[in-house]
1. Using a 1.4 angstrom probe on heavy atoms only, work out the carbon and sulfur share of the accessible area of region 62-160 in %.
2. Can you tell me the alpha carbon radius of gyration of region 52-176 divided by the globular rule-of-thumb value 2.2 N^0.38 Å?
3. Pop out the ³J(HN,Hα) list for region 105-115 in order, Karplus 6.51 cos²θ - 1.76 cosθ + 1.60 with θ = phi - 60°, rounded to Hz; leave Gly and Pro as x.
4. Under the rule a/c < 1.5 gives rounded, and otherwise a/b versus b/c splits prolate from oblate, where does region 1-100 land using the Cα gyration tensor?
5. Could you work out [θ]222 nm for the chain from helices alone, using -39500 (n - 2.57) per DSSP H run of at least four and dividing by all its residues? Round to the nearest 500 deg cm²/dmol.
6. If the chain between D41 and S109 were fully stretched, how many nm would it gain, using 0.36 nm times the residue separation less the Cα-Cα distance?
7. On a C-alpha basis, how far is the centre of region 181-195 from the centre of region 70-143 in Å? Whole number, if you could?
8. Can you tell me the 0 to 90 degree angle between the C-alpha axis of helix 52-87 and the longest principal axis of the chain, rounded to 10?
Amino acid sequence: ISIAGPNASDADIQQIRRAYDLDRPLLAQFVNWASHAVTGDLGDSFFFKEKVTKLLAERLPITLTLGVLGMAVALLISLPLGMLAALNEGRLVDRLVLVVATLGQAVPSFWLALILMIVFGLHLGLLPISGTGTWQHLVMPSLVLGFSAVPALTRLTRSGMVRALASDYVRTARSKGLSLASIVLKHALRNAAIPIVSIAAV
(Lines give C-alpha, C1' and ligand atoms only; values in the text may rest on other atoms or scores of the structure.)
Protein backbone atom coordinates (compact mmCIF):
# COMPACT_ATOMS: atom_id res chain seq x y z
CA ILE A 1 0.00 0.00 0.00
CA SER A 2 2.85 2.39 0.83
CA ILE A 3 4.23 1.92 -2.71
CA ALA A 4 0.94 1.90 -4.58
CA GLY A 5 -0.57 4.81 -2.65
CA PRO A 6 -3.59 5.12 -0.34
CA ASN A 7 -6.09 5.20 -3.25
CA ALA A 8 -4.75 2.10 -5.02
CA SER A 9 -7.13 -0.69 -5.85
CA ASP A 10 -6.58 -4.33 -4.91
CA ALA A 11 -5.62 -5.06 -8.51
CA ASP A 12 -2.97 -2.33 -8.42
CA ILE A 13 -1.55 -3.67 -5.16
CA GLN A 14 -1.39 -7.22 -6.51
CA GLN A 15 0.32 -6.00 -9.68
CA ILE A 16 2.99 -4.21 -7.60
CA ARG A 17 3.44 -7.28 -5.40
CA ARG A 18 4.09 -9.38 -8.51
CA ALA A 19 6.44 -6.74 -9.99
CA TYR A 20 8.62 -6.76 -6.87
CA ASP A 21 8.26 -10.51 -6.15
CA LEU A 22 6.44 -9.71 -2.92
CA ASP A 23 3.88 -12.42 -3.65
CA ARG A 24 6.52 -15.12 -3.17
CA PRO A 25 7.57 -16.68 0.18
CA LEU A 26 10.04 -14.61 2.21
CA LEU A 27 12.85 -17.16 1.86
CA ALA A 28 12.40 -17.24 -1.92
CA GLN A 29 12.52 -13.43 -2.00
CA PHE A 30 15.78 -13.44 -0.04
CA VAL A 31 17.41 -16.13 -2.20
CA ASN A 32 16.39 -14.24 -5.34
CA TRP A 33 17.77 -10.96 -3.98
CA ALA A 34 21.02 -12.55 -2.72
CA SER A 35 21.67 -14.32 -6.03
CA HIS A 36 21.40 -10.98 -7.83
CA ALA A 37 23.32 -9.05 -5.15
CA VAL A 38 26.46 -11.18 -5.53
CA THR A 39 26.57 -10.13 -9.19
CA GLY A 40 26.23 -6.45 -8.27
CA ASP A 41 22.50 -6.13 -8.94
CA LEU A 42 20.90 -4.72 -5.78
CA GLY A 43 17.51 -4.25 -7.39
CA ASP A 44 15.43 -1.13 -7.97
CA SER A 45 14.73 1.65 -5.49
CA PHE A 46 11.06 1.81 -4.44
CA PHE A 47 11.29 5.60 -4.09
CA PHE A 48 13.48 6.68 -7.02
CA LYS A 49 12.41 3.92 -9.45
CA GLU A 50 16.06 3.48 -10.50
CA LYS A 51 18.74 0.85 -10.02
CA VAL A 52 20.17 0.94 -6.50
CA THR A 53 23.70 0.43 -7.83
CA LYS A 54 23.28 3.49 -10.08
CA LEU A 55 22.10 5.61 -7.15
CA LEU A 56 24.99 4.41 -4.99
CA ALA A 57 27.52 5.13 -7.73
CA GLU A 58 26.19 8.68 -8.09
CA ARG A 59 26.47 9.40 -4.37
CA LEU A 60 29.59 7.44 -3.46
CA PRO A 61 32.13 10.10 -4.52
CA ILE A 62 30.53 12.71 -2.25
CA THR A 63 30.29 10.23 0.63
CA LEU A 64 33.94 9.22 0.31
CA THR A 65 35.04 12.85 0.00
CA LEU A 66 33.17 13.84 3.15
CA GLY A 67 34.55 10.82 5.00
CA VAL A 68 38.13 11.64 4.09
CA LEU A 69 37.73 15.36 4.84
CA GLY A 70 35.97 14.63 8.14
CA MET A 71 38.79 12.34 9.23
CA ALA A 72 41.39 14.92 8.15
CA VAL A 73 39.65 17.56 10.27
CA ALA A 74 39.50 15.18 13.25
CA LEU A 75 43.19 14.29 13.01
CA LEU A 76 44.31 17.89 12.47
CA ILE A 77 42.55 18.87 15.70
CA SER A 78 42.95 15.80 17.91
CA LEU A 79 46.64 15.00 17.28
CA PRO A 80 47.99 18.43 18.35
CA LEU A 81 45.59 18.56 21.31
CA GLY A 82 46.52 15.05 22.45
CA MET A 83 50.25 15.74 22.13
CA LEU A 84 49.88 19.06 23.94
CA ALA A 85 48.05 17.36 26.80
CA ALA A 86 50.62 14.55 27.02
CA LEU A 87 53.56 16.97 27.09
CA ASN A 88 51.86 18.84 29.95
CA GLU A 89 50.55 15.82 31.84
CA GLY A 90 48.90 16.79 35.12
CA ARG A 91 49.13 20.51 34.43
CA LEU A 92 46.44 23.05 33.65
CA VAL A 93 46.81 22.60 29.87
CA ASP A 94 46.26 18.87 30.23
CA ARG A 95 43.11 19.38 32.28
CA LEU A 96 41.77 21.98 29.85
CA VAL A 97 42.27 19.65 26.87
CA LEU A 98 40.45 16.84 28.69
CA VAL A 99 37.60 19.22 29.58
CA VAL A 100 37.33 20.33 25.95
CA ALA A 101 37.33 16.69 24.79
CA THR A 102 34.61 15.81 27.31
CA LEU A 103 32.45 18.77 26.31
CA GLY A 104 33.00 17.95 22.66
CA GLN A 105 31.72 14.43 23.20
CA ALA A 106 28.60 15.81 24.91
CA VAL A 107 27.69 18.02 21.93
CA PRO A 108 25.28 16.23 19.56
CA SER A 109 26.46 16.41 15.95
CA PHE A 110 23.01 17.37 14.66
CA TRP A 111 22.91 20.32 17.08
CA LEU A 112 26.37 21.47 16.00
CA ALA A 113 25.30 21.17 12.35
CA LEU A 114 22.25 23.35 12.97
CA ILE A 115 24.31 25.98 14.80
CA LEU A 116 26.86 26.12 11.97
CA MET A 117 24.08 26.43 9.39
CA ILE A 118 22.41 29.26 11.32
CA VAL A 119 25.62 31.18 12.01
CA PHE A 120 27.69 30.68 8.84
CA GLY A 121 24.87 30.00 6.40
CA LEU A 122 21.99 32.26 7.42
CA HIS A 123 23.46 35.09 9.52
CA LEU A 124 26.89 35.53 7.95
CA GLY A 125 26.10 34.11 4.52
CA LEU A 126 29.62 32.69 4.17
CA LEU A 127 28.75 29.07 3.37
CA PRO A 128 25.87 27.29 1.61
CA ILE A 129 23.61 25.25 3.87
CA SER A 130 22.68 22.60 1.30
CA GLY A 131 23.61 21.16 -2.07
CA THR A 132 26.88 20.11 -3.66
CA GLY A 133 29.21 21.32 -6.36
CA THR A 134 31.84 23.55 -4.78
CA TRP A 135 34.36 23.22 -1.96
CA GLN A 136 32.23 25.59 0.16
CA HIS A 137 29.49 22.94 0.28
CA LEU A 138 31.94 20.52 1.94
CA VAL A 139 33.16 22.80 4.73
CA MET A 140 30.37 22.51 7.29
CA PRO A 141 29.66 18.77 6.80
CA SER A 142 33.38 18.03 7.12
CA LEU A 143 33.66 20.09 10.30
CA VAL A 144 30.67 18.35 11.89
CA LEU A 145 31.87 14.88 10.91
CA GLY A 146 35.39 15.64 12.12
CA PHE A 147 34.28 17.22 15.37
CA SER A 148 32.32 14.12 16.36
CA ALA A 149 35.55 12.07 16.24
CA VAL A 150 37.81 14.62 17.95
CA PRO A 151 37.09 13.74 21.63
CA ALA A 152 37.87 10.03 21.31
CA LEU A 153 40.95 10.57 19.15
CA THR A 154 42.24 13.31 21.46
CA ARG A 155 42.04 11.09 24.53
CA LEU A 156 43.56 8.18 22.62
CA THR A 157 46.43 10.37 21.38
CA ARG A 158 47.07 11.68 24.88
CA SER A 159 47.13 8.24 26.52
CA GLY A 160 49.35 6.81 23.78
CA MET A 161 51.76 9.73 23.96
CA VAL A 162 51.94 9.57 27.78
CA ARG A 163 52.94 5.90 27.59
CA ALA A 164 55.40 6.54 24.77
CA LEU A 165 57.06 9.50 26.51
CA ALA A 166 57.61 7.36 29.63
CA SER A 167 59.21 4.50 27.68
CA ASP A 168 62.87 3.48 27.68
CA TYR A 169 63.53 4.37 24.03
CA VAL A 170 62.37 7.95 24.65
CA ARG A 171 64.64 8.23 27.69
CA THR A 172 67.49 6.94 25.52
CA ALA A 173 66.70 9.52 22.85
CA ARG A 174 66.73 12.26 25.48
CA SER A 175 70.06 11.07 26.84
CA LYS A 176 71.51 11.34 23.32
CA GLY A 177 70.56 15.01 23.26
CA LEU A 178 67.86 14.83 20.60
CA SER A 179 65.54 17.81 20.35
CA LEU A 180 62.05 17.67 21.86
CA ALA A 181 60.46 17.94 18.43
CA SER A 182 62.49 15.01 17.14
CA ILE A 183 61.65 12.90 20.18
CA VAL A 184 57.93 13.68 19.99
CA LEU A 185 57.42 13.42 16.23
CA LYS A 186 59.92 10.75 15.19
CA HIS A 187 59.86 8.45 18.20
CA ALA A 188 56.88 8.91 20.53
CA LEU A 189 54.17 9.78 17.98
CA ARG A 190 55.18 6.98 15.62
CA ASN A 191 54.51 4.36 18.29
CA ALA A 192 51.51 6.12 19.79
CA ALA A 193 49.89 6.34 16.34
CA ILE A 194 49.28 2.60 16.02
CA PRO A 195 46.00 2.54 18.05
CA ILE A 196 45.05 5.94 16.66
CA VAL A 197 45.19 4.64 13.10
CA SER A 198 43.17 1.57 14.09
CA ILE A 199 40.41 3.63 15.68
CA ALA A 200 40.50 6.29 12.94
CA ALA A 201 40.00 3.61 10.30
CA VAL A 202 36.84 2.43 12.06
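1. 76 percent
2. 1.35
3. 6, 7, 7, x, 5, 5, 5, 4, 4, 5, 5
4. prolate
5. -22000 deg cm²/dmol
6. 21.1 nm
7. What the calculation gives is 24 Å, centre to centre.
8. Taking the Cα atoms of the chain, the angle to 52-87 is about 20 degrees.
The values are calculated or read from the model by the stated rules, or taken from the named source; none is laboratory data. Everything quoted here is computed from the prediction, not taken from an experiment. Here Cβ is always computed from backbone atoms with ideal geometry, including for glycine, and neighbour counts include all displayed protein chains. In case anyone asks, the SASA skips ligands and DNA or RNA and just uses the protein heavy atoms, side chains included. Shrake-Rupley method; radii C 1.70, N 1.55, O 1.52, S 1.80 Å.
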